[in-house]
Structures are given as C-alpha cells and as structure tokens.
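The values are calculated or read from the model by the stated rules, or taken from the named source; none is laboratory data. Because the structure is predicted, anything quoted here is derived from the model rather than measured. Glycine also receives a Cβ, built like all others from the backbone with ideal geometry; neighbour counts cover every protein chain displayed. When the accessible area is computed, the model is the full protein with side chains, heavy atoms only, and any ligands, DNA or RNA have been set aside. Shrake-Rupley method; radii C 1.70, N 1.55, O 1.52, S 1.80 Å.
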Amino acid sequence: MDVQNGTGLRRGAIGLREVLFQSITAMAPAAAVAASIPAGTAFAGGSLPLSVLIALVACLFTASCVAELARELPAAGSVSTYAARGLHPSVGFLVGWGYVFVEALVPPLLLLQLGFTTAGTLHNEWSSYPADLWWPWSLAGAVIIAVAGYFGVRASARFGTVLGAFEVVVFLAFAILLISKAGSDNTLSVFGTSHAAQGYEGWSGVFAGSVYTVLAFAGFEAAAPLAEETRDPRRTMHRAVLGAALAIGLFYVLTTYAMSVYFGPGRFATFGAEGAASWEGVARASFGLFWVLVFLAVVNSTIANANACANVSTRTAFALGRIGVFPSGFARLHPVRRSPVTGVAVQFVVAVAAMLGLGFAYDPVTAFLLLATVIVTVIIGVYIVANLACAGYFLRRGRSALRPVRHLVLPLLGIVAFVPALLTAAGLPVFDFVSELTAPVSYAGPVVAAWMLAGVVVLAVLLRRHPERIAETGRVHLDDDAPDGAADGEQDTGSDPDAPTSQSGAAQR
C-alpha cells in the first residue's frame with residue numbers, strides 16, 4: 001500500500017471545502033467576470049445574462065459527466081484515467097499528455113495577467129511608474145505559487161480557499177450594490193433576446209455570446225486530480241466538480257445581470273474589459289475607492305487560478321511519472337510533506353521561462369493571448385473526450401450501471417455544446433462571429449499540433465517497448481489500498497474487466 005510505504009500522496013489531507021475551491025479558483029471567477037465574459041457583449045449586448053445562463057446549462061452537461069467519472073475513478077490522473085477506462089489506454093495517455101502540457105501553461109498565462117494588470121493600474125495612478133515594468137510582479141507570483149506547492153496540498157488548497165473566498169465575496173458585494181443602485185431599472189428583459197447587439201439581433205447574438213461565455217467555465221474539473229489526497233474521494237469529488245460548476249455559473253449570471261441593468265441593457269454592447277465601460281471603470285466612476293477592491297480581487301484571482309492549475313499539472317505529472325510514461329522523477333515526493341517536489345520545481349521553471357520568454361519576445365498581452373489560445377483549444381478538446389469517455393465507461397459496465405440520460409444523453413449534449421467553443425477558440429471561421437487568428441496568436445495551432453504529434457511518437461515507442469505502462473493509465477491507485485477492492489469503505493463500483501490489476505502495477509515497481 002502506497003501510503004504505508006511512504007510512496008504515495010498524502011491521503012485524507014483535505015476535504016470538500018478545499019477541493020470545491022480548487023475547482024472554483026481554477027475557473028478564476030473574478031478575472032472571468034471582469035475580463036473574459038465581457039467579450040460576449042459585442043454580440044449579446046444587454047442580453048448577455050441569457051447567454052451566460054445558456055452557457056451554464058451547457059457546461060453542466062460536461063460537468064455531470066466528469067463528476068460521474070470522478071466518483072467512479074478517483075485518481076490523480078483524472079481525465080487521463082477516465083479516457084483510458086472509458087475509451088482506450090492509448091487515448092488516456094494522449095489526453096494526459098495534452099492535459100499536463102496546457103495545465104503547466106496556465107500559471108505563466110495568469111502570471112502575465114498579474115504583471116500587466118498591476119503595472120497598468122500603478123501607471124494609471126502614478127504616471128512615474130513604468131507601464132512596461134510588469135515582470136517583477138509576475139516573478140513574485142511565481143515564487144508564491146511554488147512555495148505553496150512545496151508545502152503540500154493542505155497548504156496550497158487552503159491558500160486557494162482563502163483567495164477564492166475573497167474574490168467571490170468582493171464581486172458578490174459589488175453585484176448586490178449595483179442591483180440596489182439600479183432600482184426601477186431592474187428588469188428580467190435581459191433574459192430575453194431583445195437587447196442583443198446591433199447586427200446580431202435575436203438568438204444569433206445570444207448564441208454567439210454564449211459561445212464566448214462558455215470559455216469562462218474552463219477549470220471546473222480541477223478538483224479531480226486531488227482525489228488521492230481527499231477524504232471520502234468518491235463522494236467529495238462528485239460534489240466538488242458539480243458544485244463548483246453550478247455555484248460559479250450562478251455567480252456569473254448574477255454579476256452579469258447586475259452590471260447589465262446598472263450600466264443599461266441598451267448600451268451594454270460597448271461594455272468591455274478595460275476603460276470607463278468596464279467593471280473597474282464603473283467602480284471608479286460611481287463607487288469611489290471600491291475600485292481598489294475590484295482591482296485586488298482580479299489580481300487575487302490570477303494568483304488563485306495559477307495556484308490551482310499548478311496543483312493540477314503537478315498531480316497529473318506525478319500520476320504519469322508513477323506508471324513510467326513520464327520520467328520517474330515526476331513521481332518523487334517530499335518525504336514529509338508528500339508534495340510532488342519535482343513537479344513543483346519543473347512547474348516553476350516552465351512558468352518563469354514561458355512568462356519571461358514570451359512576454360519579452362512579444363509583449364505580455366500578446367503572450368497572454370497566445371498562451372490562452374493554446375490552453376483553451378486543448379482543454380475544450382479534453383472536455384469533449386471526457387464526454388465520450390463517460391458514455392464509453394458506463395456502456396462497458398453494462399445495463400445495471402447505465403443511466404441512459406445521465407450517461408448517454410448528457411455526454412452527447414456536452415459535446416454539442418463544446419464543439420462551437422472549440423472552433424471559436426481555434427479561430428476557425430465556421431460561424432460569422434468568429435474571427436481568424438493573426439500572428440503570433442495563430443501560432444497556437446502549430447504549437448498544439450507539434451506537442452500532440454510528439455505525444456503520438458512517445459506513445460508508439462512505449463507501446464513497442466513497454467505496453468504495460470500504457471495499460472497502467474487506467475489504474476485507480478486508491479483501490480490498491482482498500483481491502484477486497486473497496487475504497488474508502490465502499491465497494492469499488494468502478495471495476496472494469498479490461499483494466500490493469502494492482503498486482504501488475506506492483507510487479508513493475
């Protein structure tokens with residue numbers, strides 16, 4: 001048993017609250033409300049609350065599938081394990097290969113935003129501060145995240161809980177204040193199509209707005225890689241994934257409604273991420289120093305999101321290193337804190353190199369857009385595969401476990417919901433509201449293709465030399481620690497006749 005031999009992650013270190021905020025902070029709610037969701041106003045205008053509500057429902061389809069798999073297969077490999085058991089171990093490897101890559105790029109993405117947001121705000125307040133002096137703030141954020149990761153899951157998860165609670169409370173308070181100030185201007189008409197932007201009237205504008213808004217939900221699955229460190233993981237993971245998606249979705253609906261009715265649905269199409277027509281701009285103009293709290297909440301959100309995704313990347317790399325498909329060094333844990341120290345160190349190096357390299361090669365905003373395009377393209381692809389894996393897993397388990405609506409209909413709806421978002425993120429002009437990407441942001445496609453091609457080559461080598469390692473991608477290590485196939489006092493409902501056995505894994509070690 002890993003935990004007895006001192007070779008496994010720290011079991012039972014955190015509970016529902018911490019893993020719930022792991023997913024919440026990975027969604028970066030404050031940054032999403034202030035920066036990404038307003039991208040939909042150009043199409044949905046004052047009807048953006050309806051777009052957000054539609055995006056919430058669409059996201060819940062996939063969140064339900066991930067939650068079902070997280071309950072059945074509580075593993076640090078998360079989406080990699082799900083794809084291996086639901087589809088094929090080779091697919092599981094490729095999902096893990098892509099997932100760990102983009103999750104490792106999320107921290108530098110957020111650290112770039114931390115840098116240019118802080119530098120720009122300081123420059124606006126004190127013109128003597130150079131607007132391009134962004135990198136010290138980014139470096140400071142990288143150090144904070146690395147230290148939290150080194151001290152273990154309990155420290156990093158509780159750190160994320162505090163940060164997540166702060167950003168949510170600030171924007172909830174602001175939303176309530178806006179609704180109160182709107183008075184008689186409060187109207188449910190923003191949940192109709194009448195306020196869509198000019199040129200995108202009716203449902204076309206609302207649909208376009210929802211496609212851009214659905215990208216703000218990315219990260220709801222981030223609790224899953226902490227399964228092996230969580231108390232009662234089968235139940236806790238299910239509640240955390242679904243709870244985070246639903247809670248933050250409703251948070252998005254409320255905050256978007258508040259700003260729409262306060263700013264005015266008729267002119268909401270001009271609302272954006274910066275300037276007078278933005279969350280910070282409205283706070284500055286109408287609520288005095290409240291803008292400072294909004295600014296701090298956004299900055300806080302970048303750090304919290306980077307911290308959550310560093311947890312994801314290091315645990316996924318640990319899971320792949322443990323079975324030998326990644327270098328074995330990634331499976332090395334701190335002897336006391338049980339943190340994946342090699343992964344934490346590599347994550348820090350990758351974050352600093354990508355952040356400074358791209359930030360200075362272009363500029364921090366352009367680097368942010370390039371990384372964002374790479375990340376979102378792969379993440380949405382992972383969500384589509386997760387839906388397929390859900391259907392495949394429960395079909396293979398037989399009629400006794402299969403719930404047609406939950407395990408077949410919802411995965412199909414999840415795929416339908418995320419395909420337009422995937423095309424939009426990749427800049428493929430299938431819809432008239434999608435713009436083709438220009439250089440250097442257009443380099444995202446070749447970067448993703450090159451990384452996944454490298455994964456195919458590695459997969460081919462492993463299948464030839466060590467096929468048993470690829471088979472291990474579907475292994476649930478928690479089941480090894482439970483007597484007679486039970487995990488955490490429950491019978492292993494995730495058994496699969498084609499899955500690798502714990503004995504084979506022990507023999508490899």
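Set side by side, the residues VAL458, VAL434, VAL441 differ, and just one is modelled with pLDDT of 95 or more, open to solvent by less than 60 Å² (accessible area, probe 1.4 Å) and over 13 Å from ILE323 (Cβ atoms), which is VAL458.
Count of the stretch 274-292 residues, restricted to those that are surrounded by 18 or more Cβ atoms within 10 Å (Cβ to Cβ) and either touching a strand residue (DSSP E or B) at 6+ places or on another chain (Cβ under 7 Å) or among the hydrophobic types (A, V, I, L, M, F, W, C) (or both), is 5. I'd like the full set of residues that are more than 19 Å from PRO29 (Cβ to Cβ) and open to solvent by less than 40 Å² (accessible area, probe 1.4 Å), limited to the stretch 188-225. VAL190, GLY192, ALA196, ALA197, GLY202, GLY205, VAL206, ALA208, VAL211, PRO225, listed by residue number.
Within the group ALA13, ALA28, ALA42, ALA58, which residue is surrounded by fewer than 24 Cβ atoms within 10 Å (Cβ to Cβ), under 19 Å from the mean Cα position of the chain (by Cα) and modelled with pLDDT under 95? Working first, answer last.
Values: ALA13 fails: under 19 Å from the mean Cα position of the chain (by Cα); ALA28 fails: surrounded by fewer than 24 Cβ atoms within 10 Å (Cβ to Cβ); ALA42 fails: under 19 Å from the mean Cα position of the chain (by Cα).
When all the criteria are applied, what remains is ALA58.
A search for C-beta distances below 8 Å between a residue of the stretch 34-50 that is under 15 Å from GLY264 (Cα atoms) and among the polar types (S, T, N, Q) and any residue that is open to solvent by 10 Å² or more (accessible area, probe 1.4 Å) and in a helix (DSSP H, G or I), counting only pairs 6+ apart in sequence or on different chains, returns THR41/ALA269; THR41/THR270; SER47/PHE191; SER47/PRO265.
In this entry, SER90 is excluded by the filter for residues that are open to solvent by less than 50 Å² (accessible area, probe 1.4 Å), under 30 Å from PHE290 (Cα atoms), touching a helix residue (DSSP H, G or I) at 6+ places or on another chain (Cβ under 7 Å) and of a type in the set (S, T, N, Q). One residue is enough: does the stretch 306-326 have a residue meeting the conditions in contact with a His (Cβ under 9 Å, 6 or more places away or on another chain), of a type in the set (D, E, K, R) and either surrounded by 22 or more Cβ atoms within 10 Å (Cβ to Cβ) or at pLDDT 95 or above (or both)? Among the residues of the stretch 306-326, at least one is in contact with a His (Cβ under 9 Å, 6 or more places away or on another chain), of a type in the set (D, E, K, R) and either surrounded by 22 or more Cβ atoms within 10 Å (Cβ to Cβ) or at pLDDT 95 or above (or both), which makes the answer yes.
Restricting attention to the stretch 340-360, the residues that are within 17 Å of ALA131 (Cα to Cα) and either in contact with a strand residue (DSSP E or B) (Cβ under 9 Å, 6 or more places away or on another chain) or open to solvent by 30 Å² or more (accessible area, probe 1.4 Å) (or both) total 2. Only one of the numbered conditions (1) open to solvent by less than 20 Å² (accessible area, probe 1.4 Å); (2) over 23 Å from the mean Cα position of the chain (by Cα); (3) at positive phi is violated by GLY398, and that is (1).
For (1) β-branched (Val, Ile, Thr); (2) in contact with an Asp or Glu (Cβ under 8 Å, 6 or more places away or on another chain); (3) more than 19 Å from ASN311 (Cα to Cα), each residue gets a yes or a no:
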| residue | (1), (2), (3) |
| --- | --- |
| ALA35 | no, no, yes |
| PRO74 | no, yes, no |
| VAL79 | yes, yes, no |
| ALA83 | no, no, yes |
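Against the test of being at pLDDT below 90, open to solvent by 60 Å² or more (accessible area, probe 1.4 Å), within 23 Å of ARG322 (Cα to Cα) and among the charged types (D, E, K, R), the options ASP488, ASP480 yield a single qualifying residue, ASP488. When the stretch 231-256 is examined, which residues are found to be open to solvent by less than 10 Å² (accessible area, probe 1.4 Å) and under 13 Å from PHE61 (Cα atoms)? Once the filter is applied, which keeps residues that are open to solvent by less than 10 Å² (accessible area, probe 1.4 Å) and under 13 Å from PHE61 (Cα atoms), the stretch 231-256 yields VAL241, ALA245, GLY249.
Among the residues of the stretch 395-426, those that are without any contact (Cβ under 8 Å) to a residue 24 or more places away in the chain and outside any helix (DSSP H, G or I) comprise GLY398, ARG399, SER400, LEU402, ARG403. The single condition from (1) without any contact (Cβ under 8 Å) to a residue 40 or more places away in the chain; (2) over 22 Å from ALA119 (Cβ atoms); (3) part of a helix (DSSP H, G or I) that THR316 fails is (1).
Is it fair to say LEU172 is over 20 Å from the mean Cα position of the chain (by Cα) and open to solvent by 40 Å² or more (accessible area, probe 1.4 Å)? Spell out how you get there, then give the answer.
Numbers: over 20 Å from the mean Cα position of the chain (by Cα): yes; open to solvent by 40 Å² or more (accessible area, probe 1.4 Å): yes.
In short, yes.
Among the listed residues ALA155, ALA146, ALA104, ALA84, which satisfies the condition of being more than 29 Å from GLY281 (Cα to Cα), part of a helix (DSSP H, G or I) and open to solvent by 30 Å² or more (accessible area, probe 1.4 Å)? Step through it out loud before you land on a result.
Numbers: ALA146 fails: open to solvent by 30 Å² or more (accessible area, probe 1.4 Å); ALA104 fails: open to solvent by 30 Å² or more (accessible area, probe 1.4 Å); ALA84 fails: open to solvent by 30 Å² or more (accessible area, probe 1.4 Å).
Of ALA155, ALA146, ALA104, ALA84, the one residue that is more than 29 Å from GLY281 (Cα to Cα), part of a helix (DSSP H, G or I) and open to solvent by 30 Å² or more (accessible area, probe 1.4 Å) is ALA155.
Looking at GLY120, GLY160 in this structure, which one is out of contact with any strand residue (DSSP E or B) (no Cβ under 6 Å at 6 or more places or on another chain), open to solvent by less than 10 Å² (accessible area, probe 1.4 Å) and modelled with pLDDT under 95? It would help to see each step written out before you state the result.
On the way: GLY120 fails: open to solvent by less than 10 Å² (accessible area, probe 1.4 Å).
Among GLY120, GLY160, only GLY160 is out of contact with any strand residue (DSSP E or B) (no Cβ under 6 Å at 6 or more places or on another chain), open to solvent by less than 10 Å² (accessible area, probe 1.4 Å) and modelled with pLDDT under 95.
Within the stretch 186-208, is even one residue more than 18 Å from THR41 (Cα to Cα) and assigned to a helix (DSSP H, G or I)? For the stretch 186-208, residues more than 18 Å from THR41 (Cα to Cα) and assigned to a helix (DSSP H, G or I): absent.
Assess whether ALA148 counts as being among the hydrophobic types (A, V, I, L, M, F, W, C), at pLDDT below 95 and within 30 Å of ALA353 (Cα to Cα). If you could, list the steps in order and put the result at the bottom.
On the way: among the hydrophobic types (A, V, I, L, M, F, W, C): yes; at pLDDT below 95: yes; within 30 Å of ALA353 (Cα to Cα): yes.
In short, yes.
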